[in-house]
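The values are calculated or read from the model by the stated rules, or taken from the named source; none is laboratory data. Note that this is a predicted model, so its numbers are computed, not measured. Methodologically, a virtual Cβ is constructed for each residue, glycine included, from the backbone with ideal geometry; neighbour enumeration extends over all protein chains shown. Just so you know, the surface numbers come from the protein's heavy atoms only, side chains and all, with ligands and any DNA or RNA stripped out. Shrake-Rupley method; radii C 1.70, N 1.55, O 1.52, S 1.80 Å.
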Amino acid sequence: AGTDLGQTTKQETNWTAIAIFIGFVAVTLLITKWAAARTKTAADFYTAGSGITGFQNGLAIAGDYMSAASFLGISGLVFANGFDGLIFSIGWLVGWPVITFLLAERLRNLGKFTVADVAGYRFDAVPIRSFVALGSLVVVAFYMIAQMVGAGQLIKVLFGLDYAVAVVVVGALMMMYVLFGGMTATTWVQIIKACMLLTGATFMALAVMFQFGFSPEAMFTKAVEVHSKKDAIMGPGALINDPISAISVGMALMFGTAGLPHILMRFFTVPSAKEARKSVAWATTWIGYFYILTFIIGFGAITNLIPNPADYFVNGELAKGLKGGGNMAAVHLSKAVGGDLFMGFISAVAFATILAVVAGLTLSGASAVSHDLYASVWRHGNVDSATELRVSKITTVCLGIFAVLLGIVFEKQNVAFMVMLAFAVACSANFPVLFMSVLWKDCTTKGAVAGGTVGLISSVALTIMSPAVWEVSLGHAKGTAMFPYASPAIFSMTIGFCLLYTSDA
């Protein structure tokens, strides 16, 4: 598929994308140099000294949240399944009211650097910090695998680099951002990337709507006419067709958002609870707008790519799928509406998207090890800021190397379900503990650790036993999966909450 795309787009597209990407990297490295001069203490490294405004933080959260899975994945799902692809964007978006009304202000008031600070405020530090740090690292690992694999495949297809080389490039750049600039550099990388992504997606959506005189009805009519599933793309059931899986996937996406350590950590970068609330309002605005755009882009891909199979499908045959895979619908559409130059821009933005998200993930993983495990658990708080900062930077290098290795090992794995696993673990392990620790006065250390641990173990185990992983990813025979549903959240999250409550009762 990569070779086919290279032949189709010739060298010009590759060089355009590379030039734009190098420009993005050059600007962000200058920002990192500026941020490095301001990053002197652990507080600067973890939270940018709590000096980010609500508007800036909202845009940075949007940049963190609008990952490759959102941009490439949702538009690809809409392209393949129509209306049903929206289940992911709606699920991710409705997670924000949970954070707004239940967690944002409390996180800002109770926490210092990490999510474990919030739970550790009430409970025995050693067991609860150990569990929350472990849960955060598991979520970060699965989320990071998806980003690294996505980055490797994107560069392999668009720039002609070897997959392993592409993954190493991502790992090296991400380590530079985090090592030298900490949260300040990561924040500004995410803000720039969010602006680029929103600009590119807006142009693409407007170009699609212009083709139909800005009439959604005309676009949907054309999509139904050319898509192989015809009217089925305008109704639910094409992607997830049993109600338990639909509810479970929705729960994972909605409540998982409120358990993602790299997103929650951003609320410690603002100076007050009021600014934390403002952050969520702005983030919800940008993310909601972006998901409307991905829906238009998905249908625009149907109306632009399917009528021209020779240009966009493997060997010109619809049955063989898009060149570069189903996640490349948005990238191909950018060429259809804006030519090689715009395709180069969107390709570079997609890669920058992955880079910014990986930097945020690495920072949250490093803080879990250095602040929660090393400083709070192993040293019982008897550590100075400089030592903690040094441990953070050592951890960042280790996590970067680990991320590169995971990206290479999991090259063939299903990226969408790696993200799904991250959300399932976050909603089953982290969310019940955070939710109950801030809202239930009778919650105890014993209940929080027991409920969270069972939620963590059950979510990972059930996902591995599901058809998507057991049969598709691990290669076992069809029908041998021990867990029949697409997501474990409805079971693992319920088990976590129940055990947390009964352990305390």
- Query: Any residue at all in segment 45-68 that is in a helix (DSSP H, G or I), at pLDDT below 80, closer than 30 Å to Ala336 by Cα and within 25 Å of the chain's Cα centre (by Cα)?
  - Reply: yes
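Of these, Phe83, Phe71, which one is at pLDDT 75 or above, open to solvent by 10 Å² or more (accessible area, probe 1.4 Å) and over 21 Å from Lys274 (Cα atoms)? Give the steps one after another, and end with the answer.
Details: Phe71 fails: open to solvent by 10 Å² or more (accessible area, probe 1.4 Å).
That would be Phe83, the only listed residue that is at pLDDT 75 or above, open to solvent by 10 Å² or more (accessible area, probe 1.4 Å) and over 21 Å from Lys274 (Cα atoms).
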- Would you check which residues across segment 282-324 are of a type outside the set (Phe, Trp, Tyr), in contact with a Gly (Cβ under 7 Å, 6 or more places away or on another chain), touching a residue at least 12 places away in the same chain (Cβ under 8 Å) and open to solvent by 20 Å² or more (accessible area, probe 1.4 Å) and list them? Val314, Gly324
- Query: Only one of (1) within 16 Å of Ala43 (Cα to Cα); (2) open to solvent by 30 Å² or more (accessible area, probe 1.4 Å) is not met by Thr387, so which one is it?
  - Reply: (2)
- Could you tell me whether segment 467-481 includes any residue that is within 21 Å of His262 (Cβ to Cβ) and touching a helix residue (DSSP H, G or I) at 6+ places or on another chain (Cβ under 6 Å)? no
- Note on the structure: Every listed condition ((1) among the β-branched types (Val, Ile, Thr); (2) out of contact with any Leu (no Cβ under 9 Å at 6 or more places or on another chain); (3) modelled with pLDDT of 85 or more) holds for Val472 save (3)
- Residues satisfying the stated conditions in segment 480-505, i.e. touching an Asp or Glu at 6+ places or on another chain (Cβ under 8 Å) and without any contact (Cβ under 8 Å) to a residue 12 or more places away in the chain: Thr480
- Selection from segment 150-165 of residues among the aliphatic types (A, V, I, L, M) and either touching a Pro at 6+ places or on another chain (Cβ under 7 Å) or at pLDDT 80 or above (or both) yields Ala164, Val165
- Which of the residues belonging to segment 219-262 are in a helix (DSSP H, G or I), open to solvent by less than 40 Å² (accessible area, probe 1.4 Å) and farther than 30 Å from Thr494 by Cα? Met219, Ala223, Val224, Val226, Ile233
- Filter segment 155-204 for residues that are within 18 Å of the chain's Cα centre (by Cα), β-branched (Val, Ile, Thr) and open to solvent by 10 Å² or more (accessible area, probe 1.4 Å); the one that is farthest from Gly338 (Cα to Cα) is Ile191
- Task: Within segment 101-122, identify whether any single residue is open to solvent by less than 40 Å² (accessible area, probe 1.4 Å) and more than 19 Å from Thr47 (Cα to Cα), and answer yes or no.
- Result: no
- Note on the structure: In segment 329-343, residues that are in contact (Cβ under 8 Å) with a residue 60 or more places away in the chain and closer than 15 Å to Leu72 by Cα total 7
- modelled with pLDDT of 85 or more and assigned to a helix (DSSP H, G or I) - does that describe any residue in segment 309-329? yes
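Results for (1) at negative phi; (2) modelled with pLDDT of 90 or more, shown as yes or no for each residue.
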| site | (1), (2) |
| --- | --- |
| Gly182 | no, no |
| Gln190 | yes, no |
| Ala201 | yes, yes |
| Ala207 | yes, yes |
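Picking from Ala19, Ala36, Ala26, which residue would you name as being assigned to a helix (DSSP H, G or I), free of Cβ contacts under 8 Å to residues at least 40 places away in the same chain, surrounded by fewer than 23 Cβ atoms within 10 Å (Cβ to Cβ) and not aromatic (Phe, Trp, Tyr)?
Values: Ala19 fails: free of Cβ contacts under 8 Å to residues at least 40 places away in the same chain; Ala36 fails: free of Cβ contacts under 8 Å to residues at least 40 places away in the same chain.
Within the list Ala19, Ala36, Ala26, the selection yields Ala26.
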- Task: Go through the residues of segment 333-347 one by one and say whether even a single one is part of a helix (DSSP H, G or I), farther than 24 Å from Ser89 by Cα and within 23 Å of the chain's Cα centre (by Cα).
- Result: yes
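Looking at this structure, is Thr480 polar (S, T, N, Q) and more than 30 Å from Ala36 (Cβ to Cβ)?
Values: polar (S, T, N, Q): yes; more than 30 Å from Ala36 (Cβ to Cβ): yes.
Yes, satisfied.
For (1) modelled with pLDDT of 85 or more; (2) of a type outside the set (A, V, I, L, M, F, W, C); (3) under 15 Å from Ser248 (Cβ atoms), each residue gets a yes or a no:
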{"site": "Ser437", "(1), (2), (3)": "no, yes, no"}
{"site": "Gly447", "(1), (2), (3)": "yes, yes, no"}
{"site": "Gly455", "(1), (2), (3)": "yes, yes, yes"}
{"site": "Ser458", "(1), (2), (3)": "yes, yes, yes"}
{"site": "Pro467", "(1), (2), (3)": "no, yes, yes"}
{"site": "Ile490", "(1), (2), (3)": "yes, no, yes"}
{"site": "Asp504", "(1), (2), (3)": "no, yes, no"}
- Message: Quick check on this structure: which one of Ala468, Ala450 is buried (at least 17 other Cβ atoms within 10 Å of the Cβ), within 23 Å of Gly120 (Cα to Cα), small (Gly, Ala, Ser) and in contact (Cβ under 8 Å) with a residue 40 or more places away in the chain?
- Response: Ala450
- Query: Within segment 349-368, can one find any residue that is within 27 Å of Met66 (Cβ to Cβ), open to solvent by 10 Å² or more (accessible area, probe 1.4 Å) and in a helix (DSSP H, G or I)?
  - Reply: no
